[in-house]
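First the structure, in the form of structure tokens, and then the observations on it.
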Amino acid sequence: MDPTQFQYVIRNGKKLDFHEFSNEMASRTFNYPRLSESKFPQLRDSMNKIYKIMQGKPLDKLTDSMMINLQRVFKWKFSQATDWRTENMYQFCCSIMFEASFMTLYGRDPVADGRNVISEMREKFTKFDAKFPYLVVNVPIALLGNTKSIREELIQFFMPHKMNTRHDLAEVIEARKDILENYDVLRDYDKAAHHFAFLWASVGNTIPATFWAMYYLVRHPEALASVRDEIDHLLQSTGQKRGPNCDIHITREQLDSLVLLGNLFSFFYLH
């Protein structure tokens, strides 16, 4: 489209409906039935209402949990390191963000080795995500190598009997799980596919945004110094300091006050 025409499209945004496209695309990509009102009355509306849990004050608890899990992941990685080693930056960002996000949303399995399970999921997720653009443009999944079998394996992680054994599920996941359980017409596989779709929505854009923000900061030392100064100023004003043995707590309001860091991540998230 001619960029000069964008403003005219935006002005008529109320006449454009993304739901029809997203409903068809998501059901095809993640392999669950389309959310038609006739077959699943009020399911789409109920799912959309859940997003209020991720806005305003209710978001504070989720933010706190993510902060705690990020630090847990970093501390564990530091505890396992015996020397410096080189790693692909995207893989590093993916490892950190995927594990912290998964624990924040889906809690923990009291029996299984959580880190091995998450590592296995991340490897499969990365392979699926690499083919995601082809699925969006409706390339048949049968033409995309082993993508179909990888999708099946990922969905199996979220089967109801497995979800019911997990501890510390986020409120938004508990709410989604309860709503899906109310629809007997949905198979267990369909419910699991919905959970997998939510996981992708949670990290599908966050991981690339984190990578590009990190890449930009590494390439521009002056920007890195400015962001560090902003963070250090906040920590000092709240009586905290950074270090390997320090636990940092930053509220959602304090995160919002980090203008430089916020603008940086917002730019790469939206692009």
- [ ] Specify which labelled value, from (1) 7, 32, 39, 20, 2, 0; (2) 5, 23, 33, 25, 11, 2; (3) 7, 27, 37, 24, 6, 0, agrees with P(r) over Cα pairs in 10 Å bins from 0, in percent derived from the coordinates of the model shown.
- [x] (2)
Task: Crossing angle, helix 147-156 versus the chain [Cα axis fit, 0-90 degrees, rounded to tens] - done: 80
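Where does each of 127-139, 24-36, 95-107 land if you order them by average Cβ count within 10 Å, highest first? Can you show the working numbers first?
Details: 127-139: 14.3, 24-36: 17.2, 95-107: 21.5.
Those peptides, ordered most packed to least, come out 95-107, 24-36, 127-139.
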Open item on the list: Along the Cα→Cβ direction, 7 angstrom out, place labels at Phe132 and Asn263. What is the inter-label distance in nm?
Closed with: 2.8
Open item on the list: Using only the alpha-carbon atoms, what does the stretch 31-157 span along each of its principal axes? Please give whole angstrom values in decreasing order.
Closed with: 58, 44, 29
Task: Mean residue ellipticity (222 nm) of the chain, computed from DSSP H runs ≥ 4 via -39,500 (n - 2.57), nearest 500 - done: -21000 deg cm²/dmol
Open item on the list: For the chain, set up a GNM with springs between Cα atoms under 10 Å and report which of Lys15, Lys49, Lys124 has the largest fluctuation.
Closed with: Lys15
- [ ] Please work out the C-alpha center-to-center distance from the stretch 104-178 to the stretch 17-48 and express it in whole Å.
- [x] 19
TODO: Would you mind calculating the relative contact order of the chain from Cα pairs under 8 angstrom and at least 6 residues apart, reporting the percent as a whole number?
DONE: 25
TODO: Report the relative contact order of the stretch 30-149, percent, no decimals, based on alpha-carbon pairs under 8 angstrom and at least 6 residues apart.
DONE: 17
TODO: Under 1.5 on a/c is rounded, so check that first for the stretch 128-262, then, if it is not, pick prolate when a/b is larger than b/c and oblate when it is not; a ≥ b ≥ c are the square roots of the alpha carbon gyration tensor eigenvalues.
DONE: oblate
TODO: In nm, give the distance between the simple-model label positions of Ser237 and Val111, each being 7 Å from the Cα along the Cα-to-Cβ direction.
DONE: 4.9
Open item on the list: What do you get for the angle between helix 259-270 and the principal long axis of the chain? Use alpha-carbon atoms, 0 to 90 degrees, nearest ten.
Closed with: 30
Open item on the list: Can you tell me, using C-alpha contacts under 8 Å and at least 6 residues apart, the relative contact order of the stretch 140-255 as a whole percent?
Closed with: 20
Task: On Cα atoms only, tilt of 206-219 relative to the major axis of the chain in degrees - done: 30
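Coordinate-derived values only; no laboratory data. Since the model is a prediction, treat every value here as computed from it, not as a measurement. As a convention, Cβ positions derive from the backbone with ideal geometry for all residues, glycine included, and neighbour counts pool all protein chains shown.
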